[in-house]
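Below you'll find the structure, written out as structure tokens, and then a few comments.
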Amino acid sequence: MSAYAHQMERQLSSQSLSSRGGSEHGSQYTVESGFYMTTFAAVIFIGGLITVGVLLITLLVTLAVMLQSCQNRSSGVVELMKSSGDNNYCKLFALHAELNSLEADNLPEICRGLAIRYIKEGQFARDLNLSIQIVEGYFNTLTPSYNGLDVVLMDIDDIFASSSKYSNPLIDRVNVRGYIECIEEAKHLKHIFTLKLFMKLQVRGWPVILLSRKHEGQRNATTELLISAGYRGWSSLIMRLDNEMQMDSREYLSRRRTILQKEGFHITGLISNQMDALIGQSLGKRVFKLPNPLYYSFDHHIESTKFPS
């Protein structure tokens, strides 16, 4: 065979192979780099890209929501910490105010709202009611002696409304007025509970001696006030003499209790809501601290707990 015939045979053989390859593999994409992708593979690839994009968007939205939630929680924690800090400060201030017998208008403005809540939401009344029950429960287990020497001392200075509500000229009267009025309402409530206790002690035969920090010169006015408020038949009313007016109230009250004991009296119980009457010498067998609206307790959580009347 000639050289020309061999060349033609090779060309025909090459065209035949090229035709078979196209029929076997079908349509295809050709990339200059030499990478081939079928139509089905291209659809899957594009779908995968869309899915990944949706997942990324979802992740970004979720992260944004979580970040906002963390910011809100952080804000709430900061607010809670601030409230807790105010609460702790007012609790300690109230303790020092009680130890030093400070007046209501000495309370910082930041603490007055907590004091008002303590009274207005009923916790002071519940504390007072429970405290009176504790006192009654104690005396119900005892019987006074027939010689009248077993006595009960009761502080009466803080059970009546104050005659002067606004004693501090440095405090804005408008801002403090609501707080002071709330304190006076609490004192009125305390008067009702204390009078009830006073009468029950008398019924059980206990001689009651009333304690006051006022000067002896106010005896008549104080007696009239007590009688008009329902107090009658007390054993005696102790008031300051001239030489006791310069004494610290704690020293004065301790001195008078010591005198009573030297006279043969047995102090079975001492009842007051002020700390100066509950510390010092000659306290007797038992002391009872009634809640004081001026020196409220911040440990309480205001709730609907009810105590039996």
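The values are calculated or read from the model by the stated rules, or taken from the named source; none is laboratory data. Here the structure is a predicted model, which means the values were calculated and not measured. As a convention, Cβ positions derive from the backbone with ideal geometry for all residues, glycine included, and neighbour counts pool all protein chains shown.
Return only the number of the condition from (1) at pLDDT 95 or above; (2) within 22 Å of Thr143 (Cα to Cα) that Ser282 does not satisfy.
Evaluating Ser282 over (1) at pLDDT 95 or above; (2) within 22 Å of Thr143 (Cα to Cα) leaves (1) as the failure.
Could you please find all residues in segment 104-157 being under 28 Å from Glu181 (Cα atoms), small (Gly, Ala, Ser), part of a helix (DSSP H, G or I) and out of contact with any helix residue (DSSP H, G or I) (no Cβ under 8 Å at 6 or more places or on another chain)?
Gly113, Ser131
Would you check if there is a residue in segment 61-74 being of a type in the set (D, E, K, R), at pLDDT below 75 and on the phi < 0 side of the Ramachandran plot? If you could, list the steps in order and put the result at the bottom.
Going residue by residue through segment 61-74, those that are of a type in the set (D, E, K, R) are 73.
Filter once more, so that each one left must be at pLDDT below 75: 73.
Adding the requirement that they be on the phi < 0 side of the Ramachandran plot leaves 73.
Yes, the conditions are met somewhere in segment 61-74.
Return the pairs, sorted by first residue and then second, in which the second residue is not in a helix (DSSP H, G or I), the first residue lies in segment 173-194 and is modelled with pLDDT under 80, the beta carbons are less than 7 Å apart, and the residues are 6+ apart or on different chains.
Arg173/Tyr166; Val176/Tyr166; Ile180/Lys165; Ile180/Tyr166
Here's a check for you: in segment 245-272, which residue that is at pLDDT 95 or above and of a type in the set (Ser, Thr, Tyr) is surrounded by the fewest Cβ atoms within 10 Å (Cβ to Cβ)?
Only one residue fits best here, namely Thr258.
Yes or no: Ser212 among the hydroxyl-bearing types (Ser, Thr, Tyr), assigned to a strand (DSSP E or B), free of Cβ contacts under 8 Å to residues at least 60 places away in the same chain and within 26 Å of Leu128 (Cβ to Cβ)?
Values: among the hydroxyl-bearing types (Ser, Thr, Tyr): yes; assigned to a strand (DSSP E or B): yes; free of Cβ contacts under 8 Å to residues at least 60 places away in the same chain: yes; within 26 Å of Leu128 (Cβ to Cβ): yes.
The answer is yes for Ser212.
Go through segment 102-128 and report how many residues are of a type in the set (S, T, N, Q) and surrounded by fewer than 18 Cβ atoms within 10 Å (Cβ to Cβ). Break it down into steps so the answer makes sense when it comes.
Taking segment 102-128 first, the residues of a type in the set (S, T, N, Q) are 106, 123.
Of the ones still in play, those that are also surrounded by fewer than 18 Cβ atoms within 10 Å (Cβ to Cβ) are 106.
Within segment 102-128, residues that are of a type in the set (S, T, N, Q) and surrounded by fewer than 18 Cβ atoms within 10 Å (Cβ to Cβ) number 1.
Hey, could you check segment 250-273 for residues that are polar (S, T, N, Q) and part of a helix (DSSP H, G or I) and say which is nearest to the chain's Cα centre (by Cα)?
Our first condition is that a residue be polar (S, T, N, Q); within segment 250-273, this holds for 254, 258, 261, 268, 272-273.
Applying the additional criterion that residues be part of a helix (DSSP H, G or I) yields 254, 258, 261.
Values: Ser254: 34, Thr258: 39, Gln261: 41 Å.
So the residue we want is Ser254.
How many residues, within segment 215-244, are under 38 Å from the mean Cα position of the chain (by Cα), assigned to a loop (DSSP other than H, G, I, E, B) and surrounded by fewer than 17 Cβ atoms within 10 Å (Cβ to Cβ)?
Summing the residues that are under 38 Å from the mean Cα position of the chain (by Cα), assigned to a loop (DSSP other than H, G, I, E, B) and surrounded by fewer than 17 Cβ atoms within 10 Å (Cβ to Cβ) in segment 215-244 gives 1.
Against the condition surrounded by fewer than 15 Cβ atoms within 10 Å (Cβ to Cβ) and at pLDDT 95 or above, how does Leu210 come out, does it pass? Break it down into steps so the answer makes sense when it comes.
Working: surrounded by fewer than 15 Cβ atoms within 10 Å (Cβ to Cβ): no; at pLDDT 95 or above: yes.
So Leu210 does not fit the description; no.
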